[in-house]
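Trainee: So that we are looking at the same thing, I have put the structure below in structure tokens.
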Amino acid sequence: MTSLADLPLRADLVGRSAYGAPQLHVSVTLNVNENTHPVPEVVRAAVLDRIAAALDDVNRYPDREFTALREALAGYLGHDLTPAQLWAANGSNEVLQHVFQAFGGPGRTLLTFPPTYSMYPNYAVTSGTAVVEGRRDDDYRLSPETVVAEILRTTPDIVILCAPNNPTGTPVGLDTVRAAYDATDGVLLVDEAYGEFMPADAPSALTLLPGRPRLAVSRTMSKAFAFAGARLGYLAADPAFTDALRLVRLPYHLSAITQAAALGALAHAPLMLRMVDEIRDQRERTAAGLEALGYRVWPSWTNFVLFGGVDDPHALWQGLLDRGVLIRDLGIDGTLRVSAGTAAETDLFLDAMAALTPVVAR
Ligand code: PMP
């Protein structure tokens, strides 16, 4: 049988492994921070209507500039953003890949702050960008002083701040974002994939866009919006920044079906987002339940919780899986991460944790 080693693979890809969060069919899936609530019936109907209309023209290429979608995304985000400031692609994964294709590349460097989203180094490697890792403060926080010191030490071309951070849930203050922008000559990408789960009064980095043409803020419909399967991510930045991304995207990268589905969902944004409060409540229940069992829980502004004090993370992960509950082992010493699900899923997770936690640890 032919293996990868038999193929003339690019040297910098040899030995690398593909993104691979397990996709297992179990009753409680809390491993990839999805929104586990179904899309409301009225939104399903609206999406289907839009897709049906899009099919009338599906013999033609879609609107390359996804004009209606940009308008809808600008309207959804607010902050006086104009459609020219919006960019979208098949998931924020593809949006971030565009950023690397435009602003990274051979001879250029990404600064990232692990533990953070595992795909950042992957976009770097596949675009020929070098990766340097910055250190965090205690409890995974990022103070302005630390971020500035790491930028001055590494002089990166791309800096990514995941705010709030996956997989730790840690918020990033706007003072840190401002200081990072002032310290770098490169682009600063603030990944707000979990932005809608922040406290309602916590300001978004979107408020910092005016006058900062090297700043971009990315978002996704995969998390709060319960639309992960539709694949729609986006970013907001200066119009010149989105213009740069046009240089690297493939022609017609957003299908007419994707654009139609996203427009259908955005037309019902309040309904799609009505579960956010409930998910935050389940996150707090999950955190309190884990603490009651004797685990350490880091404060989270997202739809998941990182917990520590786990003697054997893999054994606990497997024990949960044997009970039909899938969570995530990210290889961070003594920790596991669990997404906030429905109330029933939270019950099942906490019951399984109670059964698997030695009494002595409580
Ligand atoms: N950024 C972060 C921080 C994430 O956690 C994820 C998904 N887990 C993404 C980006 C990518 O999400 P998507 O491509 O579904 O928009």
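Trainee: Could you tell me whether residue 293 is surrounded by 14 or more Cβ atoms within 10 Å (Cβ to Cβ), within 24 Å of residue 32 (Cα to Cα) and either within 16 Å of the ligand (Cβ to nearest atom) or of a type outside the set (D, E, K, R) (or both)?
Mentor: So residue 293 fits the description; yes.
Trainee: Also: Here are 273, 330: which of them is touching a strand residue (DSSP E or B) at 6+ places or on another chain (Cβ under 7 Å), at pLDDT below 95 and surrounded by fewer than 22 Cβ atoms within 10 Å (Cβ to Cβ)?
Mentor: 330
Trainee: Can you confirm whether residue 117 is within 30 Å of residue 11 (Cβ to Cβ), within 12 Å of the ligand (Cβ to nearest atom) and either among the charged types (D, E, K, R) or surrounded by 18 or more Cβ atoms within 10 Å (Cβ to Cβ) (or both)?
Mentor: Details: within 30 Å of residue 11 (Cβ to Cβ): yes; within 12 Å of the ligand (Cβ to nearest atom): yes; either among the charged types (D, E, K, R) or surrounded by 18 or more Cβ atoms within 10 Å (Cβ to Cβ) (or both): yes.
Yes, satisfied.
Trainee: If you scan region 240-270, which residues turn out to be without any contact (Cβ under 8 Å) to a residue 60 or more places away in the chain and closer than 23 Å to residue 60 by Cβ?
Mentor: Matches in region 240-270: 246, 250.
Trainee: Okay, moving on. In region 220-278, what residues are farther than 24 Å from residue 53 by Cα, in a helix (DSSP H, G or I) and among the β-branched types (Val, Ile, Thr)?
Mentor: 242, 276
Trainee: On to the next question. Have a look at 291, 284 and point out the one that is free of Cβ contacts under 8 Å to residues at least 12 places away in the same chain, within 14 Å of residue 169 (Cα to Cα) and out of contact with any helix residue (DSSP H, G or I) (no Cβ under 6 Å at 6 or more places or on another chain).
Mentor: On the way: 291 fails: within 14 Å of residue 169 (Cα to Cα).
None of the other options fit; the residue is 284.
Trainee: From 183, 179, 200, 193, which residue is surrounded by 21 or more Cβ atoms within 10 Å (Cβ to Cβ) and either in the same structural domain as residue 74 (by TED's automatic domain parsing) or within 16 Å of the chain's Cα centre (by Cα) (or both)?
Mentor: 193
Trainee: Of all helices (runs of 4 or more DSSP H) completely enclosed by region 1-113, which ones contain at least 3 residues that are surrounded by fewer than 13 Cβ atoms within 10 Å (Cβ to Cβ) and more than 16 Å from the ligand (Cβ to nearest atom)?
Mentor: Here the list reads 41-55.
Trainee: Here's something else I'd like to know. I need the full set of residues from region 207-236 which are aliphatic (A, V, I, L, M) and within 16 Å of the ligand (Cβ to nearest atom), in order please.
Mentor: Scanning region 207-236 gives 216, 217, 221, 224, 226, 228, 230, 232, 235, 236.
Trainee: Given the residues 153, 141, 136, which is the only one that is open to solvent by 30 Å² or more (accessible area, probe 1.4 Å) and within 16 Å of the ligand (Cβ to nearest atom)?
Mentor: Only one candidate qualifies: 136.
Trainee: Continuing with this model, one more query. Check whether at least one residue in region 250-262 is among the polar types (S, T, N, Q) and open to solvent by 30 Å² or more (accessible area, probe 1.4 Å), and report yes or no.
Mentor: So far as region 250-262 goes, yes, one or more of its residues are among the polar types (S, T, N, Q) and open to solvent by 30 Å² or more (accessible area, probe 1.4 Å).
Trainee: Further, regarding this structure: Quick test of your reading of the structure: residue 195 fulfils all but one of (1) in contact (Cβ under 8 Å) with a residue 60 or more places away in the chain; (2) among the small types (Gly, Ala, Ser); (3) under 21 Å from residue 284 (Cβ atoms). Name the failing condition by number.
Mentor: (1)
The values are calculated or read from the model by the stated rules, or taken from the named source; none is laboratory data. All values derive from a computational prediction rather than experimental measurement. Cβ: placed from backbone, ideal geometry, glycine included. Neighbour counts: every protein chain shown. Side chains are part of the model used for accessible areas, which takes the heavy atoms of the whole protein and leaves out ligands, DNA and RNA. Shrake-Rupley method; radii C 1.70, N 1.55, O 1.52, S 1.80 Å.
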